[in-house]
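Here's the structure we're looking at; comments come further down.
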Amino acid sequence: MRRLSLPLTLLTVAGLAACAIAEDAPSRATQAAQATPETPAVTALAIGSKAPMTDVKMKNVDGKDVTIAGLKGTKGTLVVFTCNACPFAKAWEQRIVTLGNTWSKKGIGVIAINPNDPAKVAEDGYAQMKERAKARKMAFPYAVDASSDIARAYGATRTPEAFLFDAEGTLVYHGAVDDNRDAAGVKTRYLEEAIKAIAAGQAVPTAETKSVGCTIKWRNAKA
């Protein structure tokens, strides 16, 4: 299993304040050992697992409720946990939107989910989500994980963090979008390669990479 280590560029003081940064997601054992009410222990969904909480309703930026099951594509489903405020989410946002807009027309169900508590970071509020989706011309749902429980069920810890399921709802890829925060420096497009593989009925070349980004700002966090 290939792992990922990304170069980090300098962040503003404001960005650092809004974003607890980890270059690599911690191991499952480390997550449990370091769990606090603000950063609860979660177990990453294993490759080969079925998608959890697919029938839970989430409020989309258009005001309507959506579910992961309702968005399931004929060739697969992409779930990306992201947000508005994180500098890493912003850096990868256009690449995520491009992938989502392209593949949502080609049999891949796509949803971006914001699990962050806007009481902790105001920029992650619903109004700001609507503005961001409109500005980026997202052609797929951008929905609120109102309790952060969906993120917990998937074992997400970072924004952004991608989970790709095949047509049968089995997890075939989990991790980063690609290998560089700077779009100009990307050498391997992990998520895009995985999407192309399942769309063609082929094996995913890299099943898991380490997510790089801000820690999730949990709602009603559970230790």
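The values are calculated or read from the model by the stated rules, or taken from the named source; none is laboratory data. Just so it is clear, the structure is predicted and the values come from calculations on it, not from any experiment. All Cβ positions, glycine included, derive from the backbone under ideal geometry; neighbour counts span all protein chains shown.
Checked against the criterion of being assigned to a loop (DSSP other than H, G, I, E, B), in contact with a strand residue (DSSP E or B) (Cβ under 6 Å, 6 or more places away or on another chain) and either in contact (Cβ under 8 Å) with a residue 60 or more places away in the chain or of a type in the set (Asp, Glu) (or both), region 181-196 contains not a single residue that satisfies it. In region 81-106, which residues are part of a strand (DSSP E or B) and surrounded by fewer than 20 Cβ atoms within 10 Å (Cβ to Cβ)? Answer for region 81-106, where residues must be part of a strand (DSSP E or B) and surrounded by fewer than 20 Cβ atoms within 10 Å (Cβ to Cβ): there is none. Any chance region 107-119 includes a residue that's within 12 Å of the chain's Cα centre (by Cα) and part of a loop (DSSP other than H, G, I, E, B)? Yes, there is a match, as at least one residue in region 107-119 is within 12 Å of the chain's Cα centre (by Cα) and part of a loop (DSSP other than H, G, I, E, B). Could you tell me whether region 153-170 includes any residue that is at pLDDT 95 or above, assigned to a helix (DSSP H, G or I) and among the hydrophobic types (A, V, I, L, M, F, W, C)? Yes, there is a match, as at least one residue in region 153-170 is at pLDDT 95 or above, assigned to a helix (DSSP H, G or I) and among the hydrophobic types (A, V, I, L, M, F, W, C). The residues of region 120-144 that are under 17 Å from Gly100 (Cβ atoms), assigned to a loop (DSSP other than H, G, I, E, B) and out of contact with any Ser or Thr (no Cβ under 8 Å at 6 or more places or on another chain), listed by number, are Lys137, Met138, Pro141.
Residues of region 49-60 that are outside any strand (DSSP E or B) and more than 24 Å from Glu192 (Cβ to Cβ): Pro52, Met53, Asp55, Val56, Lys57.
Scan Leu71, Leu78 and give me the residue that is among the aliphatic types (A, V, I, L, M), surrounded by 24 or more Cβ atoms within 10 Å (Cβ to Cβ) and closer than 20 Å to Thr170 by Cα. The unique qualifying residue is Leu78. Looking at Ile96, Ile108, Ile68, just one residue is closer than 23 Å to Ala194 by Cβ, modelled with pLDDT of 95 or more and touching a Leu at 6+ places or on another chain (Cβ under 8 Å), and that residue is Ile108. Output the residue which, of all residues in region 197-217 that are under 14 Å from the mean Cα position of the chain (by Cα) and outside any strand (DSSP E or B), is surrounded by the fewest Cβ atoms within 10 Å (Cβ to Cβ). Here the residue is Lys210. Beta carbons closer than 6 Å, at least 6 apart along the sequence or on distinct chains, pair a first residue in region 54-78 that is farther than 15 Å from Val144 by Cα with a second that is of a type in the set (Ser, Thr, Tyr) and modelled with pLDDT of 95 or more for Ala69/Thr54.
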